[in-house]
C-alpha cells in the first residue's frame, strides 16, 4: 500500500475543515496553540515511518497518556486493578461525577478521567513516591517510542493543577468511597504531569507498536506486556477511547484509538501499523475534529478498519 | 483450522458452568425452557458448517432480531435513521428509561430496547401495515439464513405483549417526545413478534454471512446492504451489542456480537466466519452465561479476535 | 380583616402581569381558554365568601383533583397507602420518569402525576369499577364544595387521553414494578376524567374548608377525615404541592396549596379560611403565574402565612 | 400549657427507642459520644425555659449551624445570594453530587452541604479573612443564644477536615462551575469549624427566638433580621431542613426545623416558642431518631403543629 500517497490525499481533503472546531481553552497555555497545525504519521511493524505536515511539532498528549499509564499499571499491579476500575463505556462526558457517585466511586473504565486518576494512584502505590512514579512512566514511554528525549512540560502541568477543580472533585469523591490509596492532591500532582507529556506524531505512532504487535516491541524486541493484555487494551480503546463519542469513533473509523484534548489521536491497526494524527481544534465531544476525520479517511481509503 | 475439534473442546470445557446462570423468567413461556441445552455452530464464507450440541433446537432469538431489523431499516429508510437513534453505548441496562428521558426520547443506539422500538416503528412507516412489515422482516431473515421455514412463535409474542409494561413505558415515552410515527401499541405488536422469531444456531451462524462478507451473501450472491454499512453494523454490535456488558464482551471475546435473553448469541469474524451459540442460562447482565464463555474460549483457542 | 378590600387591591396589583405567562398547550382544548380571565375567592369557616373577578367561570381543576383523590384514598385504603407512594418532595418536574425508575416504581408523593395515578389505582381497587370510582370521587367533591352540579368535562378528558403518552409511560413503568393493581389504560381513563373536573374559585375555596377545619365540614357538619390526616395533607401540600417549585411557593406564599395546569390554585390558612385563585397563564414550572403572585400578595397583606 | 409535664411525658415515652439508631461514625470523635444521652428544652418568647434530661451537655451542632450562617449571609450579602443557591428541596441525601452537577454547581438550597459551603464562601467574601468570618458567626450565635461562652471544638473541626473528602469534592465541583469566590480548601477550613460549634439544648432553643418572633430578640431587643426574612428561613427549614427526610419531618412533626448529625434538632413554633432536642443516635436519613420522635410527640400533645 502506498501510505505516503494516502497521507498526502488526506492532508488535502481535510483542508476545508480548519476553523470548524475549537482549541481547548480550559487552561490558558493550551488555548494559545496554533489552530492550523496538522500532522499525521504511520509506523509499520518494521519501524518504517510515513509522515506528513508538522510531524516534528510536539504537543501535550493529555489523555493519550492514559493508555500508557494503564499498561504500566496492569504490569505492576495485575488484574486486581479491575476491582477498582471497570471496562464498560461510560456513555457520559469524560469528567462526569454522576456515574461515579451512583457506582460508589468505581470509575467505568481507565480512559475517563476518574479511571485514569485511579490508575495513577495505583502507580504511586506501586512505585512508592512521586518522583519514581513519574520516572517509571517516562521511561516506559521513552522505551515504547524509542526516543530518550521525551519529557513533560512543567508549565502546562502547573497550569492544569491550578485550574484542576473538576479533577480534584473526582479524586476527592473516589477517596470518600475509599477508592484511592493516596491523598487526592498527591495523585493529581503526578496525574497532571503525566497529561503534560509532550510528544510528536512520529513518537506516538511509534509508541503504538507494542499494541500492534504482541505486547513486545517488534524492532527493539523489548517486552512490555502480554498478547492477552494488548487485546484487552485495544478492546478498551475501541469501546471507551473517546469518551461519549466512542461509539461514533468505532462507527466511523473502526480502529482502537485514544484521543487527547491537546489535539492528538493515536490508533492501532492490529498486526499492521500504528498511526497518530495531530490537529488542535476539537469537536463538541473534546476530540480532535480534523484528526477524527483524517482517521476516517484513512480507513476508508485503505480498508484497514477492524470490522 | 480444525473448527470441529475446537467446538468439541469448548463443549467439554463449559460443562462445569451449567447451573450458574438463570433462565429468563419475565414471561412464563421462556422460563420453561430446558436450562441444560447447549449448541454452537460456525458457518464459513463458502457455506461449510460445523456444529455441536443441540444444533437443531430452535429458540426465541429475542434481541438478536434487532440486528436484522436494523439492517432492513437502514436499507428502507437510509441514514435519516440516525436522527432518531444514536450510535453510542448506553452504559445502562437494556430497558432503562432514565437516559431516554434525559436525551429527549432519542435512544442511545438501535440495540437497546428503546432503539429497537424506533427501528420497528421505522419499518412500519416504510412498509405501511403490520402484516407487510412482519413479512418483509421474515423474508429478509429467511433469505440471509437460507431457510424458508423460519417463523415466529405466536404464543411467545402474545405472552411478551401481556407482560410488556416496561416496553410500553419506553414506547409511550418516545411518543411523548415525538420520536414514534405510529401508536405505541401498534409498534409493539410487531416488535414482540419480531422478538419471538425462532431459529437454531445453524440458521443464526448462517445468517451472519452477509456481515462477515461485504453485505451480500457469499453463497447465494444475493445483495442485502453495502460494505460500508456492514462495517457500521459490526462496529455497533461490538460497542453496543450486550447492553451494559458490551465493554466486557469486547474485552473478553473481542468480536462484534449480539445476544438475546432467549439464550442465543451471534458473532462475526470479519471476512472469515459467522458463529452462534445457544445456552439459556443468563448472567446478571441478561446475556447467556455459557454462551459468552464459549465465545471467549473460541477466540482464545483460534486467535480470531479482531484485536 | 377586610377581605373584600384585600381582594380588590390584589386584582389591581396583578394587572401588569397579564401576558407574562403561557396558557397550557399540551392539549388543544386547554390552549383555547381566554388568558385574561382572573378570579379569586375566599371562604371563611362559617361559610362566608368573598370573591372578585370571573368567579363563576368554571375551569379544569387538573392537578388540584389530586388533593381530593388522595383524601378519599386515605379514607378507603388507610395507611397501607404509604407503602405505594412516598411523602417527600420530588425536586423534579411533575412528570419525570427518572426518579420513578431509580426508586423502583414508588412515586415520591401523591401530588406528582405518578403518585396521583397510584392513588387513582387504589380508588379503582377499592370501588371495583370505573363508574363507581368516578362517582365516589365526584360525590366527595360535591359534598366538600356543597355544590351538587360539579361534573367533569368529557371533551377535555378525551383530549387528555389521546395525548397522554407521558402518563401512559409513567403508568406502564409503575405496572412493570408491580405498583399498579389494575391495567394502566383502565386507571388512566379514570385519572383523565378526574383531572377534567370543572369548578370555579367559589367551589374550590369552599372545598378547602375540611382542610381548614378538622376534617369535617364546619357548615354542614359532615365528617370527611380526621384532624390527624388533614395535618398530613396540609403538610404534603406545603412540601409537594407545586412540583419542582414547591420550595419557592412555600418560600413566597407560605401556605399549604395545590396548583393545576388549568390555571387554578387552592390554598389553606389553617383554622381560618380556604382560598382559591384562577388565571390560566402558567409560569415555567407549570403553575399559574398570576395566581401564585396573587397568593403571595394575599399573605403579605394579611400576615396569614403559617410561618 | 404545662410544658414541663409534657417534656416529662415525652422523656418517658421515648425510652424504648434507645438502641434503634446509630451514632454518627464518619469521624472518630463523633462516634465516641454516649448514645444514651437525651435532652430537650423549650424557650418561650419571654425567655422562660423548660428543660429535661442532659440539658447542660454540649454537643456538636453540625448542620444546625447552617441556619445561623444562612441568616448572617442574608444580612451581609442580601438577595443576590439566591443567584448562587436555590430554595427547593433536594430530594437527595445531604451530600449528593449528582444534582449539583446537573444543575451546574448551583446547590438546591442552603441547608444541604453544598449550599452551606456556598453560604460560608459568601461570608468569607463579605468578611475578608477566616478569623473575622468565624468571629462574626460566633458573635451572632452568642448574641441569639444570649451565651457569651459558646465556641467551637477544634479537635472535631480538625477531624472533620481530615475526613472531609466528600465535602472537598462538593466544593471543588462548585468551584469548577465558578460558584465559589474563594479556594475550596479555605472555605472548608471555616465550614468545618462552624459545624464543630458546641451548644446545649438550652442554648439552641434560646437561639431560635429570633425566628419565633420577628427577626429581633424578644428579650434583649437586639435586631438580627427582618420579619420577611424569618418567614423565608422558617419556610426553608420546613421544606429543606432534614435532607431527603424533609417531607417526612413536615408530615410527622409539622414544624420548621433543622437537624445535625451530632444528634441535635431545633424547631420553631411561630410566635410561641423555640425548642431543641438532643439524642445522638441517628435514623437512616442522618437525623436524630429519638429527637424526631420527641418532636412528633410534642406537636401531637400540644397541637402546636403549624398545619
Inset, instruction - Name the single residue, out of those in region C:228-244 being more than 7 Å from every other protein chain (Cβ to nearest Cβ) and over 11 Å from the mean Cα position of the chain (by Cα), that is nearest to residue C:36 (Cα to Cα). - result: C:243
Legend entry - Condition met for residue A:225 (part of a loop (DSSP other than H, G, I, E, B) and more than 14 Å from chain B (Cβ to nearest Cβ)): no
Legend entry - Residue among C:211, C:204 that is farther than 30 Å from residue C:29 by Cα and in contact with a strand residue (DSSP E or B) (Cβ under 8 Å, 6 or more places away or on another chain): C:211
Legend entry - Yes/no for residue D:286 being assigned to a loop (DSSP other than H, G, I, E, B), within 18 Å of residue D:54 (Cβ to Cβ) and within 13 Å of the chain's Cα centre (by Cα): no
Inset, instruction - Output the residues belonging to region B:246-259 that are more than 7 Å from chain A (Cβ to nearest Cβ) and either closer than 16 Å to residue A:246 by Cα or not in a loop (DSSP other than H, G, I, E, B) (or both). - result: B:249, B:252, B:257, B:258, B:259
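Listed here are the residues, each with its yes/no results for (1) closer than 21 Å to residue C:43 by Cα; (2) crowded, with 24+ Cβ neighbours inside 10 Å.
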position	(1), (2)
C:239	no, yes
C:247	no, yes
C:258	yes, yes
C:271	yes, no
Inset, instruction - Having 2 or more residues that are more than 24 Å from residue B:236 (Cα to Cα) and modelled with pLDDT under 95 is the bar; report the helices (runs of 4 or more DSSP H) wholly within region B:104-173 that clear it. - result: B:154-162
Inset, instruction - Filter region C:57-95 down to residues that are without any contact (Cβ under 8 Å) to a residue 12 or more places away in the chain and within 14 Å of chain D (Cβ to nearest Cβ), then give me how many there are. - result: 2
Inset, instruction - Report yes if some residue within region D:11-27 is modelled with pLDDT of 95 or more, in contact with a strand residue (DSSP E or B) (Cβ under 9 Å, 6 or more places away or on another chain) and part of a helix (DSSP H, G or I); otherwise report no. - result: yes
Inset, instruction - May I ask you to verify whether residue B:190 is in contact with a helix residue (DSSP H, G or I) (Cβ under 8 Å, 6 or more places away or on another chain), crowded, with 24+ Cβ neighbours inside 10 Å and in a helix (DSSP H, G or I)? - result: yes
Inset, instruction - Assess whether residue C:40 counts as being more than 30 Å from residue D:252 (Cα to Cα) and assigned to a strand (DSSP E or B). - result: yes
Inset, instruction - Identify, from the list C:75, C:57, C:88, the residue that is over 27 Å from residue C:216 (Cβ atoms) and surrounded by fewer than 20 Cβ atoms within 10 Å (Cβ to Cβ). - result: C:57
Legend entry - Residue satisfying all of: in region D:102-149; within 14 Å of chain C (Cβ to nearest Cβ) and more than 30 Å from residue D:218 (Cβ to Cβ); farthest from the chain's Cα centre (by Cα) among these: D:102
Inset, instruction - All but one of (1) in contact (Cβ under 8 Å) with a residue 60 or more places away in the chain; (2) within 14 Å of chain B (Cβ to nearest Cβ); (3) under 25 Å from residue A:284 (Cβ atoms); (4) part of a loop (DSSP other than H, G, I, E, B) hold for residue A:33, so report the exception by its number. - result: (2)
Legend entry - Within region D:221-244, tally of residues that are out of contact with any helix residue (DSSP H, G or I) (no Cβ under 8 Å at 6 or more places or on another chain) and over 17 Å from residue C:255 (Cα atoms): 5
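Scanning for something free of Cβ contacts under 8 Å to residues at least 24 places away in the same chain and more than 12 Å from every other protein chain (Cβ to nearest Cβ), does region C:262-274 turn up at least one residue?
No, region C:262-274 contains no residue that is free of Cβ contacts under 8 Å to residues at least 24 places away in the same chain and more than 12 Å from every other protein chain (Cβ to nearest Cβ).
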Legend entry - Residue among B:159, B:216 that is surrounded by fewer than 24 Cβ atoms within 10 Å (Cβ to Cβ), away from chain C (no Cβ under 14 Å) and touching a helix residue (DSSP H, G or I) at 6+ places or on another chain (Cβ under 6 Å): B:159
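Residues checked against (1) touching a residue at least 24 places away in the same chain (Cβ under 8 Å); (2) surrounded by fewer than 16 Cβ atoms within 10 Å (Cβ to Cβ); (3) in contact with a helix residue (DSSP H, G or I) (Cβ under 6 Å, 6 or more places away or on another chain):
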site: C:117; (1), (2), (3): yes, no, yes
site: C:120; (1), (2), (3): yes, no, yes
site: C:125; (1), (2), (3): yes, no, no
site: C:129; (1), (2), (3): no, yes, no
site: C:152; (1), (2), (3): yes, no, yes
site: C:168; (1), (2), (3): no, no, yes
Inset, instruction - Please go through region A:193-213 and pick out each residue that is outside any helix (DSSP H, G or I) and either within 14 Å of chain D (Cβ to nearest Cβ) or within 15 Å of residue A:144 (Cβ to Cβ) (or both). - result: A:197, A:199, A:200, A:208, A:213
Legend entry - Residue check, residue B:232 in a helix (DSSP H, G or I) and either over 22 Å from residue B:46 (Cα atoms) or touching a residue at least 40 places away in the same chain (Cβ under 8 Å) (or both): yes
Legend entry - Where residue C:219 falls short, out of the listed (1) in a helix (DSSP H, G or I); (2) farther than 21 Å from residue C:100 by Cα: (1)
Inset, instruction - Report yes if some residue within region D:13-27 is under 27 Å from residue C:240 (Cβ atoms) and touching a residue at least 40 places away in the same chain (Cβ under 8 Å); otherwise report no. - result: yes
Inset, instruction - Kindly indicate whether residue D:197 is within 24 Å of residue D:117 (Cα to Cα) and within 14 Å of the chain's Cα centre (by Cα). - result: yes
Inset, instruction - Kindly check whether there is at least one residue in region D:289-306 that is assigned to a loop (DSSP other than H, G, I, E, B), in contact with a strand residue (DSSP E or B) (Cβ under 8 Å, 6 or more places away or on another chain), modelled with pLDDT of 95 or more and over 16 Å from residue C:306 (Cβ atoms). - result: no
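The values are calculated or read from the model by the stated rules, or taken from the named source; none is laboratory data. Here the structure is a predicted model, which means the values were calculated and not measured. Note that we place each Cβ from the backbone using ideal geometry, even for glycine, and neighbour counts take in every protein chain shown.
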